[in-house]
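The values are calculated or read from the model by the stated rules, or taken from the named source; none is laboratory data. Computed from a predicted structure; not experimentally measured. Cβ atoms come from the backbone with ideal geometry, glycine included; neighbour counts cover every protein chain shown. Ligands, DNA and RNA are stripped out before the accessible areas are found, and what is left, the full protein with its side chains, is counted by its heavy atoms. Shrake-Rupley method; radii C 1.70, N 1.55, O 1.52, S 1.80 Å.
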Amino acid sequence: MAEQDIRALIASDHIRLVLAIARWRSFSAAAAELGITQSAISQQVKRLERLAGFPLFRRNGRGVDLTSECETVVFYARAMERLTEDMRRHFDRRRINDRVRIGMSEDFCRTALPAVLSLLAHNFPTVDMQIVSGSYDLLAQAIAARSVDLVVMRRWDRFPDTKLLWTDNLVWQGHARFATRVEDPVPLVVPLATNPTRTTIFDTLDGASRPWKVRFESVGIAGIEAALQCGLGVIGVPRSMTFHGVSAIGPESGLPALPNVDFVMYGPSESANGVIHAVAEVLRQLADVGFQAPAIDHEA
């Protein structure tokens, strides 16, 4: 068979024609599927057979049979059809899933974000990531506006429908020379309301009948870190969360023990695309190993 004949056989319209006839074993049924007349089917088949140099179909009393040569053509045509569909789905996924929007509380960003970004970048190199981080009010607004695909944050009673990712110990942190008498109010550095960190600290001190007062409030971690470095007060944060120039404060300080804290994931929805669910699975796997990202060979 000449090269130009092969090109004629594998033209998209001709592939559709051959596959339709092979599917129905009938010129009339194939014509109905393709929306053309039976005479047009017959003319196109004759033209293809003339170009190919061998018969493709043989008529019988019920319809048509495929010749052995046509069986080979159909085999390759179906393979090409599957390949074309796979390629379409691949590029559709890239168009649809080109951005993942993740909401994260700042305490999560300071503990686990580097490991998360490293593994996501390695597993999803063509996907752009948008991290929405800030106050819990900002996360609540993002959830309400559906401007994020999933959110990672401390367990918060405002959003009970969440999945546990991992549990961390809460510890007091402050200036290395921090000291306070039991009878004096505990000076606190806390996030602005509304925030589950703030609520946990207040509830713990109230439960231990310890007086307290807020010395400093900030919507962002940077302001809180500066206040702790200056010795304005103390804060309760996950053990894995560190501040520059700030130390963990042990039980010798007389401060009551803080409860553990649960980090949870809100979303993704059932209707979210496949990449979003894959990202959620990566987050769950990282949580199982304490957000210690495995070594990744970025040269591979």
**Request:** Look at region 122-153 and say how many of its residues are surrounded by fewer than 20 Cβ atoms within 10 Å (Cβ to Cβ) and either in contact (Cβ under 8 Å) with a residue 40 or more places away in the chain or of a type in the set (A, V, I, L, M) (or both).
**Result:** 17
**Those residues of region 205-252 which are of a type outside the set (S, T, N, Q), surrounded by 14 or more Cβ atoms within 10 Å (Cβ to Cβ), in a strand (DSSP E or B) and without any contact (Cβ under 8 Å) to a residue 60 or more places away in the chain, in sequence order** = Trp212, Val214, Arg215, Phe216, Glu217
**Prompt:** Can you pull out the residues in region 226-265 that are of a type in the set (S, T, N, Q) and farther than 13 Å from Thr167 by Cα?
**Reply:** Gln229, Thr242, Ser247, Ser253
**Item:** Index of the failed condition, Val116 passing every other in (1) in a strand (DSSP E or B); (2) buried (at least 16 other Cβ atoms within 10 Å of the Cβ); (3) modelled with pLDDT under 90
**Value:** (1)
**Asked** Out of region 86-110, which residues are modelled with pLDDT of 75 or more, open to solvent by 30 Å² or more (accessible area, probe 1.4 Å) and more than 16 Å from Phe124 (Cβ to Cβ)?
**Response** Glu106, Arg110
**Request:** Please name all residue pairs, on different chains or six or more residues apart, with Cβ atoms under 6 Å, provided the first residue is in region 253-273 and is at positive phi and the second residue is outside any helix (DSSP H, G or I) and surrounded by 13 or more Cβ atoms within 10 Å (Cβ to Cβ).
**Result:** Gly267/Leu150
**Asked** Just a yes or no: is a residue in region 163-186 β-branched (Val, Ile, Thr) and under 16 Å from Tyr136 (Cβ atoms)?
**Response** no
**Prompt:** Can you tell me which residue in region 119-147 is modelled with the lowest pLDDT, limited to those that are part of a strand (DSSP E or B) and small (Gly, Ala, Ser)?
**Reply:** Gly134
**Qualifying positions in region 158-168 - part of a loop (DSSP other than H, G, I, E, B) and open to solvent by less than 70 Å² (accessible area, probe 1.4 Å)** = Phe159, Thr162
**Message:** Given the criterion acidic (Asp, Glu) and within 19 Å of Val214 (Cβ to Cβ), identify the matching residue among Asp128, Asp137, Asp161.
**Reply:** Asp137
**Message:** Would you confirm, using the coordinates I've provided, whether Val171 is in a strand (DSSP E or B) and within 22 Å of Ala278 (Cα to Cα)?
**Reply:** no
**Request:** Test Ala280 against the stated conditions and say whether it is open to solvent by less than 10 Å² (accessible area, probe 1.4 Å), in a helix (DSSP H, G or I) and at pLDDT 95 or above.
**Result:** no
**Asked** Hey, does region 71-85 have a residue that's aliphatic (A, V, I, L, M), at pLDDT below 85, under 26 Å from Ser271 (Cα atoms) and part of a helix (DSSP H, G or I)?
**Response** no
